[in-house]
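The values are calculated or read from the model by the stated rules, or taken from the named source; none is laboratory data. Remember, predicted model here, so these are calculated numbers, not experimental data. All Cβ positions, even for glycine, are placed from backbone atoms using ideal geometry, and neighbour counts span all protein chains on display. Note: areas computed on protein heavy atoms with side chains; ligands, DNA, RNA excluded. Shrake-Rupley method; radii C 1.70, N 1.55, O 1.52, S 1.80 Å.
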Amino acid sequence: LDKFSNHIKNILHGFFLTIGITIAEPSTILPLMVNYFGGSSMVVGLFATLLRGGAIVVQLFAAFKSQSYERMLPYLRRVFVFRFFSWFFIGVIINIFGNRYPNFTLFGIGLGLFGFSFSAGFGAIYFKDIVAKIFTHKFRGKTMAYRQFFSGLGGLISGAIAAIILEKYDAPYSFGYLFMLSSFIMSIGYIAFATIDEPKKEDIPLKENSFKKFLKNSWIILKEDKDLQVQLSTFLFAYGYLLALPFIILHAKETIHLSGVAIGSLITTQMTGAMLSNFLWGSLSGRGYNKLTSIISILLHICAISLAFFSTNIYSYMVIFFLIGAATDGNRIASGNLILILAPPKLRPTYVALQVNIISFGIFFSILGGAILHFSNYTVLYSFTIAVLLLALMLSFKLKD
């Protein structure tokens, strides 16, 4: 447990993966790219969901298949390979078809995003089980905070890379180059984690003889575990910020001039918030204060969305994205640690799948947000978002460390 080499490889994975994924950040570049190819606000919401939501389809099935695995790493390596090619495919589609076939290009982007996200459904189960096996509860909070700190640093680098490429090359080629370059960068992180030292799983449950029976047993767990119910409800509604997040950058585009440098600076600011906040999240989590971490994170999201009502310059938008970066990382650490503490070791894949599967429905909030914006305005969208976050805040006080 708590090997230094595993700690370093966990950090490297987060660092290089973030550099790659931030290229299509759902709050900045992705909405602008979809909008460039003629996508409406509802299409922007759909694509923001595709980047995160494909995993929902297979989470519980992945848990069912993996509960009897002694080691998860061989299966995780296959996920890494598939994700690399899905991401690289998006860049190829943009550069080959681009302006000539915008609708087909949008379809190709959506297909690549779904494949990238779909494979993460398996990867999330394998990854969390490995992390739970190789780190103790308290050290896990620290290593994940370090991981997220360096992920934030990777995001800063990614913002600089994005700014340079967006300024140097015309759209849509700039978007294509970003995806192809970032696929090779994130592969370095995949290689690092693929060489981690994973012990054998000793306490292996008897696998159900059918997926239907597994689903029935999972439902029984969910129905009987009240703490799990509170946790899932809290973090589902904590995703409420996604109602507005993909559209803040489009609002900024209407309000101020957004050059490539300005877009890069917003990405950098968001990653700075994520990076610096992990000093706080690591300290709180290391002392077992995961409930407090979730409360503060939700409050920061409420502050960020509230500021969006009044923003009229690049500096106010930088504050918004700084707060969003900080809050998102805090929420991720709190939810990840609380589920691993709550879950019995032999049922860990099931508990993780239940949490990820249920709270991931919050990812679809982006589609609802797009519909709200399509039929109303930003004021209504931001107001509804804050109402959902306030509900999450009330529920968070019922969490147990």
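Side notes on the structure shown:
- Computed over the range 30-112: relative contact order in percent, which uses C-alpha pairs under 8 Å that are six or more apart: 33 percent
- Shape category assigned to the range 357-399 from the gyration tensor of Cα positions, a/c cut at 1.5: oblate
- Here the accessible area is traced with a 1.4 Å probe on the protein chains. For the chain, carbon and sulfur cover 69 percent of it.
- Of Trp87, Trp281, Trp219, the residue with the greatest mean-square motion in the GNM of the chain, using alpha carbon springs below 10 Å, is Trp219.
- Using C-alpha pairs below 8 Å separated by at least 6 residues, the relative contact order for the chain is 29 percent.
- Accessible area per residue for the chain is 40 Å², calculated with a 1.4 Å probe on protein heavy atoms, without ligands, DNA or RNA.
- For the range 67-82, backbone phi angles converted through the Karplus equation (6.51, -1.76, 1.60; θ = phi - 60°) give residue-by-residue couplings of 4, 9, 6, 6, 9, 9, 4, x, 6, 5, 4, 5, 4, 4, 4, 5 Hz, Gly and Pro being listed as x.
- Among the listed pairs Lys3/Lys65; Lys253/Lys291; Lys200/Lys291; Lys226/Lys291; Lys9/Lys142, those beyond 25 Å (Cα-Cα): Lys3/Lys65; Lys253/Lys291; Lys200/Lys291
- Shape category assigned to the range 115-184 from the gyration tensor of Cα positions, a/c cut at 1.5: oblate
- For the pair Ile191 and His257 in one chain, pulling the backbone fully straight at 0.36 nm per residue adds 19.8 nm over the alpha carbon distance.
- Spin-label model distance (nm) - Ser376 vs Arg77, 7 Å beyond Cα toward Cβ: 5.1 nm
- Overall form of the chain per C-alpha gyration tensor (a/c, 1.5; a/b vs b/c): prolate
- Rounded FRET efficiency, nearest 0.05, which uses the C-beta distance separating Lys212 from Ala387 and R0 of 25 Å: 0.10
- When you count the other C-beta atoms within 10 angstrom of each residue and take the mean per peptide, 317-324, 167-174, 336-343 line up highest first as 317-324, 336-343, 167-174.
- Ordering 38-44, 185-191, 141-147, 195-201 by mean Cβ neighbour count within 10 Å, with the highest value first, yields 141-147, 185-191, 38-44, 195-201.
- Loop-located chymotrypsin sites (Phe, Trp or Tyr not before Pro) in the range 341-397, at most 13 other Cβ atoms within 10 Å (DSSP): Phe397
- The length gained by stretching the chain between Ile96 and Phe4 to full extension, at 0.36 nm per residue less their Cα-Cα distance, is 28.7 nm.
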